[in-house]
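Colleague: Sharing a structure here in structure tokens format.
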Amino acid sequence: MNKVVVIGSLNLDIIQNIKRLPLQGETLRIDERSMNLGGKGANQAVAAARQGAEVSFIGAIGKDAAGQQFKALLEEEGINVSGLREKDTATGSATILLEEDGHNTILVYGGANAELSADDVVMSESLIADADYVVAQFEVPQEAVAKGFYLAKKYGVKTVLNPAPVMNAKDIDPAILACTDIIVPNETEAAALLEREPSTKYEDLLAVSDAISELSVQGTIITLGEDGVYYNLDGKDPHTRPIFKVKAVDTTAAGDTFIGAVVSQLKLDATNVADAVEYACKASSLAVSRSGAIRSIPTHSEVVRSLHNED
């Protein structure tokens, strides 16, 4: 069982169901509205925990009802919340515009997430020292991520960076990239890192992973939506694999489920990377076939049962 520390965001998701995105200056009626607990950090932590990993969370909440709901949720999932800090501002939130075809557009308000500091991370140094993997995204300040990854390297812990929301590599603290073992973007995020056009062509993906390695990051996993996954963890042996075909209902937590599932299964020497990626693809496919973010994330037994049904 891998020990995973997630440094990340907690957002109250306000989901607006719409037929399509409005054009500029256009007003559209919202068909349905709901609120759920989410955020990339929370999603990835819950995904890892539901796959059997021992998970600790480092993040920030507000002194409000949403913050207490998040704390209760993480505890219910068996996640260590000793690294959760309370801030004198509202808990983060995200407005998700969910279209009929399952695609989504997201607007994020940082709130307490934006106040997570390097000092907050240092307070949880012992959690990082005891981990196998430290996972982070950019819905919290880079100084917090940089400190977390620095501490991970201090103790020989593997680091996984999800460069989302979309970032150009020039805007990422070089200290973060220098301490990143594996980077896991989608094809849009990977292209943005390098100021390229998004592509799922194999030769383009090879070029992208080569360019990422020049940023001092040796391990690359790129999720490609309907076109599958590209992975190259040693700079020498790239692979792609298709996704499991399902009817997409809601893609909100697809990438987060994939990341949480990968770090729950991947051995530190990466000798089982093909199996870990296959497992994560199955977990993600189950998530997109359901509505919601955290509530869509499957358990380990559901993933294993579905994989067996494929045989």
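The values are calculated or read from the model by the stated rules, or taken from the named source; none is laboratory data. Predicted model, so just to flag it, every value in this text is computed and none were measured. No Cβ is skipped: glycine too gets one built from the backbone with ideal geometry, and neighbour counts run over all protein chains shown. With ligands, DNA and RNA removed, areas are computed over all heavy atoms of the protein, side chains included. Shrake-Rupley method; radii C 1.70, N 1.55, O 1.52, S 1.80 Å.
Colleague: It is to be established whether one or more residues within the range 18-36 are within 30 Å of residue 159 (Cα to Cα) and not hydrophobic (A, V, I, L, M, F, W, C).
Modeller: Scanning the range 18-36, I find at least one residue that is within 30 Å of residue 159 (Cα to Cα) and not hydrophobic (A, V, I, L, M, F, W, C), so the answer is yes.
Colleague: Looking for something surrounded by fewer than 19 Cβ atoms within 10 Å (Cβ to Cβ), within 26 Å of residue 9 (Cα to Cα) and in contact (Cβ under 8 Å) with a residue 60 or more places away in the chain - is there at least one such residue anywhere in the range 297-310?
Modeller: Yes.
Colleague: Across the range 90-110, which residue is modelled with the lowest pLDDT among those that are assigned to a loop (DSSP other than H, G, I, E, B) and not charged (D, E, K, R)?
Modeller: That would be 102.
Colleague: Another question about this same structure. Tell me yes or no: at least one residue of the range 265-274 is of a type in the set (A, V, I, L, M) and in contact with a helix residue (DSSP H, G or I) (Cβ under 6 Å, 6 or more places away or on another chain).
Modeller: Among the residues of the range 265-274, at least one is of a type in the set (A, V, I, L, M) and in contact with a helix residue (DSSP H, G or I) (Cβ under 6 Å, 6 or more places away or on another chain), which makes the answer yes.
Colleague: Starting from the range 9-33, take each residue that is free of Cβ contacts under 8 Å to residues at least 60 places away in the same chain and farther than 13 Å from residue 95 by Cβ and list its partners that are open to solvent by 100 Å² or more (accessible area, probe 1.4 Å) and not basic (Lys, Arg), counting only C-beta distances under 8 angstrom and pairs at least six apart or across chains.
Modeller: Qualifying pairs under 8 Å: none.
Colleague: Next question. With more than 29 Å from residue 13 (Cα to Cα), in a loop (DSSP other than H, G, I, E, B) and open to solvent by 50 Å² or more (accessible area, probe 1.4 Å) as the only criterion, which of 275, 234 stands out?
Modeller: 234
Colleague: Continuing with this model, one more query. For residues that are hydroxyl-bearing (Ser, Thr, Tyr), closer than 13 Å to residue 11 by Cβ and more than 17 Å from the chain's Cα centre (by Cα), tally how many sit in the range 77-108.
Modeller: Qualifying residue count for the region: 2.
Colleague: I'd like to know if the range 246-269 contains one or more residues that are without any contact (Cβ under 8 Å) to a residue 12 or more places away in the chain, within 20 Å of residue 300 (Cβ to Cβ), open to solvent by 50 Å² or more (accessible area, probe 1.4 Å) and in a loop (DSSP other than H, G, I, E, B).
Modeller: Yes, because at least one residue in the range 246-269 is without any contact (Cβ under 8 Å) to a residue 12 or more places away in the chain, within 20 Å of residue 300 (Cβ to Cβ), open to solvent by 50 Å² or more (accessible area, probe 1.4 Å) and in a loop (DSSP other than H, G, I, E, B).
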